[in-house]
Amino acid sequence: MRYKGIIFDLDGVICHTDRYHYQAWKETTDLAGVYFDETINERLRGVSRTESLDIILERAERTYSAAEKQALAEKKNGRYVELLRQMTPADLTEEVKETLDLLRQAGCKLAIGSSSRNTKLILERLGLSDFFDAVSDGTNITHSKPHPEVFLKAAAYLGLDASDCLVVEDADAGIAAAAAGGFESAGIGQAAANPQTTYPLQTLGALYIKICNVR
């Protein structure tokens, strides 16, 4: 196989927490009287909580102070964490489990590269706390996607160069981050149509077949 390491985004790739993000932001913004809908929510894919809030507040009728922004972000995250605790290993699909197992059997090192600060909680709820060889997330980066830092750190934790790794993403910001870091990428969902995506995928299950014969 061409790649020694595979770095996965978490939300939208390994699992789907979009509904929890949307519900937590919607409840928070409704209380604050700030307009928020699913179209705005789409713009939040792959970006940090702080940057997400800045996008949301573009529609606000007044300017929010740094302290007010922090309070809103903390309120959203508190509600989001409550919702995440409802997750169980049943939220990990058979397709994802089979793909991960096939890649491991092929000798690939596997890592998570996510901007989320809740990555370890999500992995724990899914029963994957000890599965990945490395985890790079929002707790150990300064710059969120489309900056490549989260993927560069994941590769470093694996002991590999970017050229030896493939990034798997569902967001344009993640594909841009991969390209900026010198990584090839596989894109699913929205990211499959990104011109910078190396391997467009209809489903994650197609990943192994797509790359297993790449030399």
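The values are calculated or read from the model by the stated rules, or taken from the named source; none is laboratory data. A quick note: this is a predicted structure, and the numbers were derived from the prediction, not measured. Backbone-built Cβ (ideal geometry, glycine too); neighbour counts: all protein chains shown. In case anyone asks, the SASA skips ligands and DNA or RNA and just uses the protein heavy atoms, side chains included. Shrake-Rupley method; radii C 1.70, N 1.55, O 1.52, S 1.80 Å.
Going by the conditions given, is residue 72 under 16 Å from the mean Cα position of the chain (by Cα), within 25 Å of residue 33 (Cα to Cα) and surrounded by 13 or more Cβ atoms within 10 Å (Cβ to Cβ)?
So residue 72 fails the test.
Output the residues belonging to region 70-88 that are among the β-branched types (Val, Ile, Thr) and assigned to a helix (DSSP H, G or I).
Across region 70-88, the qualifying residue is only 81.
Which residues, counting only those in region 89-123, are within 11 Å of residue 15 (Cβ to Cβ), polar (S, T, N, Q) and surrounded by fewer than 18 Cβ atoms within 10 Å (Cβ to Cβ)?
93, the sole residue that qualifies.
Only residues that are open to solvent by 40 Å² or more (accessible area, probe 1.4 Å) and either outside any helix (DSSP H, G or I) or modelled with pLDDT of 95 or more (or both): list them for region 9-19, please.
Once the filter is applied, which keeps residues that are open to solvent by 40 Å² or more (accessible area, probe 1.4 Å) and either outside any helix (DSSP H, G or I) or modelled with pLDDT of 95 or more (or both), region 9-19 yields only 16.
Taking residue 173, is it touching a residue at least 60 places away in the same chain (Cβ under 8 Å) and within 23 Å of residue 144 (Cα to Cα)?
yes
Exactly one of these conditions fails for residue 175: (1) touching an Asp or Glu at 6+ places or on another chain (Cβ under 7 Å); (2) under 25 Å from residue 87 (Cβ atoms). Give me its number.
That leaves (2) as the condition not met.
Those residues that are open to solvent by 60 Å² or more (accessible area, probe 1.4 Å) and within 18 Å of residue 110 (Cα to Cα), I need them from region 159-202; list them, please.
Selection gives 159, 161, 163, 184.
When only residues in region 34-69 that are within 20 Å of the chain's Cα centre (by Cα) and among the small types (Gly, Ala, Ser) count, which is nearest to residue 189 (Cα to Cα)?
By that ranking, first place goes to 46.
Among all residue pairs at least 6 apart or on different chains, which show Cβ distances below 9 Å where the first residue, located in region 86-102, is farther than 19 Å from residue 19 by Cα and the second is assigned to a helix (DSSP H, G or I) and of a type in the set (Phe, Trp, Tyr)?
98/208; 99/208; 102/208
Do you know which of the residues in region 142-151 that are surrounded by 22 or more Cβ atoms within 10 Å (Cβ to Cβ) and out of contact with any Ser or Thr (no Cβ under 6 Å at 6 or more places or on another chain) is nearest to residue 6 (Cα to Cα)?
Only one residue tops the list, namely 151.
Yes/no matrix, rows are residues, columns are (1) buried (at least 16 other Cβ atoms within 10 Å of the Cβ); (2) in a loop (DSSP other than H, G, I, E, B):
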position: 7; (1), (2): yes, no
position: 21; (1), (2): yes, no
position: 25; (1), (2): yes, no
position: 30; (1), (2): no, no
position: 35; (1), (2): no, yes
position: 39; (1), (2): no, no
position: 45; (1), (2): yes, yes
position: 53; (1), (2): yes, no
position: 56; (1), (2): yes, no
